[in-house]
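See structure below.
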Amino acid sequence: MESIFLFLDENLLLIYLLIFTIILGFELISNVPTILHTPLMSGANAISGVVIIGAILLIRNADPTDYLTLSLGALGVVLGMINVVGGFAVTNRMLKMFNKKKK
Amino acid sequence: MLITTVNITYLLGAVAFAIGLRQMSTPATARKGNLLATIGMSVAILATLFLPIEGADNNYIWIMGAMILGGIIGYISAIKIEMTAMPQMVSVFNGLGGACAVVLAYTELSHVSIGRIAASQAQLLILLLTLLIGAVAFTGSMLAYGKLQGLVDDRKVTLPSHNLINVVILAFLLGLATFIFLSGTQPGLVWISTLLAVSLLYGLSFVAPIGGADMPVVISLLNAFTGLSAAAAGLIYDNNIMMVGGILVGSAGIILTVVMCRAMNRSLANVLIGGFGENNKKKKEKGEKQVAKEITCADLAVQLYYSSTVMVVPGYGLAVAQAQKVVKRMDNLLSANGVDVTYAIHPVAGRMPGHMNVLLAEADVPYPKLLDMEDANEAMANTDMVIVIGANDVVNPAAYDDPASPVYGMPVINVWEAKNVVVLKRSMNPGYAGIQNQLFFHHKTRMLFGDAKNTLEELNDEIKTLEG
């Protein structure tokens, strides 16, 4: 338990970041028109693929002979990459249709 | 020098995420916002490749290979997927993001368990949370995909007192995580694997009793979960953009979930534990047998041809039948003969809010023809003919007059106020919410059974013969 208090004390700035980012997220999304709910969800989903960075770091830090870690890391990168690339591409496809109808 | 560049790039990437999300919530700038977020992600990934790590072996070959493979799979699935299956696709992408977090947390935890790396108590807690949340997001999203794709039947995966079972699994899960957390900073791999297995199971069990019609809300919530697990993983790697990006998606996802629930006039708790199925089954059996009146394509064609205003109310059936382009052709035929055709879009018609707008936009239906629910209800009394295509719960009069109905109080499109109503439907089976619809037995209503696309094509042929 003590180590948790220590962690909180040492990372006060981090906790500020956490809380203000949460508030920012709430503020960014309020007042979204219904037609944008699906593309927005899809776009946010693509951003959550940022977890891929962790997988890249995992591989970079791995021992070149540690094939288990390398394979798991590579699996993580593949999964994250599908999330990121697929997510942004699908969002773009949805939004492209909204542009078309304005013409 | 390099480290500063990387840090500044991360900062810019995080700002791009925030501004991108902001722009994505306004129609005029939405596409720009998505592009901005894409650029933010690309530079963040690039910066991670160049981030100096002392004594690291880098293994770039592995990274590049995996990135190319994942990129190709992701791009092709995003391009190939039918517009109608978009919601499922988002769910799959989201699940894979969760799976990525699971792989990370599990690998790091296994390293901790054999003592290869040391973790503080706080780091251990964060790793356990990443594993747990990511696993729930993964299996939950996959089941949501299965339900939307029609691979999984709601009733078959729901056990008696399923909500109670969920509480028990969740309690066990949290107890197990607490036990691992308290049992020192070098937990056994067996315990970690058990935690993973139970988390995966809970994800399935959590989504199982929730009706297919509520999947958009669930996907949005699971999306927030994936964001949170990414943020937690960011804490482990001490990586700011993972933290900021993850938390942004987490909080934005939760608020979006709440907004969606509000559009259905229900609370999140009601969606999650409401479980449509059970009590309705009893009611349906109790009700006396009613007969719906049918209409033929030829008759409907004549009625449409001589109407002056026609309103189309699309639902998920339109998406399933891929009928949006046929509808547009009917619209063209009728419009050419002086019929005023509009479309009434219920906020939650289809499987996701905005689903119908996307589909109709794909078929080149002009924007001014789409009416939102309020405008549609105002125009209803002056509408000669309403065609309901594969919609059910969003046109259910029980929302007004049956307090026992699960849709009671939900805003619906009052199609029965129009002069005539025709419902295109595959069969008399109740809608996704699993409840019967009195509209089908209303004196103004006629039913036209069959696959929406075939029916509409037949209808178009009939209209053409009238033009002579």
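The values are calculated or read from the model by the stated rules, or taken from the named source; none is laboratory data. These numbers come from a predicted model, not from an experiment. Reconstructed Cβ throughout: ideal geometry from the backbone, glycine too, with neighbour counts over all protein chains shown. Only protein heavy atoms, including side chains, enter the accessible area calculation; ligands, DNA and RNA are left aside. Shrake-Rupley method; radii C 1.70, N 1.55, O 1.52, S 1.80 Å.
Note down all Cβ pairs under 7 Å where the first residue falls in the range A:22-42 and is more than 7 Å from chain B (Cβ to nearest Cβ), the second is hydrophobic (A, V, I, L, M, F, W, C), and they're at least six residues apart or on different chains. Listed pairs, sorted by first residue: none to list. Evaluation of B:L69 against the conditions (1) farther than 30 Å from B:A323 by Cβ; (2) open to solvent by 80 Å² or more (accessible area, probe 1.4 Å); (3) touching a residue at least 12 places away in the same chain (Cβ under 8 Å) shows that the sole unmet condition is (3). Restricting attention to the range B:238-261, the residues being of a type in the set (D, E) and at the interface with chain A (Cβ under 7 Å from one of its Cβ atoms) number 0.
At least 2 residues being open to solvent by 20 Å² or more (accessible area, probe 1.4 Å) and on the phi < 0 side of the Ramachandran plot is the threshold, and among the helices (runs of 4 or more DSSP H) wholly inside the range A:1-88 those reaching it are A:2-10, A:12-29, A:67-81. Going by the conditions given, is B:A349 crowded, with 18+ Cβ neighbours inside 10 Å, in contact with a Gly (Cβ under 9 Å, 6 or more places away or on another chain) and without any contact (Cβ under 8 Å) to a residue 40 or more places away in the chain? Against the criterion (crowded, with 18+ Cβ neighbours inside 10 Å, in contact with a Gly (Cβ under 9 Å, 6 or more places away or on another chain) and without any contact (Cβ under 8 Å) to a residue 40 or more places away in the chain), B:A349 does not qualify.
Let's see how each residue does on (1) open to solvent by 50 Å² or more (accessible area, probe 1.4 Å); (2) under 30 Å from A:N31 (Cα atoms); (3) facing chain A (nearest Cβ under 7 Å):
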| residue | (1), (2), (3) |
| --- | --- |
| B:L11 | yes, yes, no |
| B:R22 | yes, yes, yes |
| B:K32 | yes, yes, no |
| B:L35 | yes, yes, no |
| B:T38 | no, yes, yes |
| B:L51 | no, no, no |
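Cβ separations smaller than 8 Å between residues 6+ apart or across chains give the following pairs from the range B:34-54 residues that are in contact (Cβ under 8 Å) with a residue 24 or more places away in the chain to residues that are among the hydroxyl-bearing types (S, T, Y): B:V43/B:T9; B:A44/B:T9; B:A44/B:Y10; B:L46/B:T9; B:A47/B:T5; B:A47/B:T9; B:A47/B:Y10; B:F50/B:T5. Scanning the range B:407-416 for residues that are in contact with a Lys or Arg (Cβ under 9 Å, 6 or more places away or on another chain) and of a type outside the set (A, V, I, L, M) turns up B:G409, B:W416.
Residues B:G188, B:G234: which one is surrounded by fewer than 21 Cβ atoms within 10 Å (Cβ to Cβ) and more than 17 Å from B:N94 (Cβ to Cβ)? Spell out how you get there, then give the answer.
Values: B:G234 fails: surrounded by fewer than 21 Cβ atoms within 10 Å (Cβ to Cβ).
Of the residues listed, the single one that is surrounded by fewer than 21 Cβ atoms within 10 Å (Cβ to Cβ) and more than 17 Å from B:N94 (Cβ to Cβ) is B:G188.
If only residues of the range B:53-63 that are more than 7 Å from chain A (Cβ to nearest Cβ) and outside any helix (DSSP H, G or I) are counted, the one that is most open to solvent (accessible area, probe 1.4 Å) is B:E54.
Table: residues versus (1) within 14 Å of chain A (Cβ to nearest Cβ); (2) β-branched (V, I, T); (3) in a helix (DSSP H, G or I); (4) within 25 Å of the chain's Cα centre (by Cα).
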| residue | (1), (2), (3), (4) |
| --- | --- |
| B:E108 | yes, no, yes, no |
| B:L127 | yes, no, yes, no |
| B:I165 | no, yes, yes, yes |
| B:L173 | no, no, yes, no |
| B:G184 | yes, no, no, no |
| B:T194 | no, yes, yes, no |
| B:L201 | no, no, yes, yes |
| B:L204 | no, no, yes, yes |
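Could you tell me whether any residue of the range B:42-49 is facing chain A (nearest Cβ under 7 Å) and among the β-branched types (V, I, T)? Yes, the range B:42-49 has at least one match. The residues listed here are B:L448, B:L424, B:L466, B:L359; of these, the one that is surrounded by fewer than 22 Cβ atoms within 10 Å (Cβ to Cβ) and among the hydrophobic types (A, V, I, L, M, F, W, C) is B:L466. Checking each residue in the range B:302-341 for being open to solvent by 20 Å² or more (accessible area, probe 1.4 Å) and hydroxyl-bearing (S, T, Y) picks out B:Y305, B:Y306, B:S308, B:T309, B:Y316, B:S335. Put simply, of B:A344, B:A404 the only residue that is in contact with a helix residue (DSSP H, G or I) (Cβ under 9 Å, 6 or more places away or on another chain), touching a residue at least 60 places away in the same chain (Cβ under 8 Å) and surrounded by fewer than 17 Cβ atoms within 10 Å (Cβ to Cβ) is B:A404.
With the structure loaded, tell me whether B:K156 is farther than 30 Å from B:L11 by Cβ, over 20 Å from the mean Cα position of the chain (by Cα) and open to solvent by 40 Å² or more (accessible area, probe 1.4 Å) or whether it fails that test. Even if it seems obvious, please write down each step before you answer.
Details: farther than 30 Å from B:L11 by Cβ: yes; over 20 Å from the mean Cα position of the chain (by Cα): yes; open to solvent by 40 Å² or more (accessible area, probe 1.4 Å): yes.
Against the criterion (farther than 30 Å from B:L11 by Cβ, over 20 Å from the mean Cα position of the chain (by Cα) and open to solvent by 40 Å² or more (accessible area, probe 1.4 Å)), B:K156 qualifies.
Pairs linking a residue in the range B:198-221 that is in the same structural domain as B:T139 (by TED's automatic domain parsing) to a residue that is basic (K, R), with Cβ atoms under 8 Å and 6 or more positions apart or on different chains, are B:V207/B:K147; B:G212/B:K147; B:G212/B:R351; B:A213/B:R351; B:M215/B:K147; B:M215/B:R351; B:P216/B:R351. Among residues of the range A:56-82 that are farther than 21 Å from B:G55 by Cα, those with a beta-carbon under 7 Å from a residue that is open to solvent by 60 Å² or more (accessible area, probe 1.4 Å) and modelled with pLDDT of 95 or more at least six positions away or on a different chain give the pairs A:V78/B:L69; A:I82/B:I73. Looking at the range B:79-89, is at least one residue free of Cβ contacts under 8 Å to residues at least 24 places away in the same chain, surrounded by fewer than 24 Cβ atoms within 10 Å (Cβ to Cβ) and of a type in the set (S, T, Y)? No, the range B:79-89 has no match at all.
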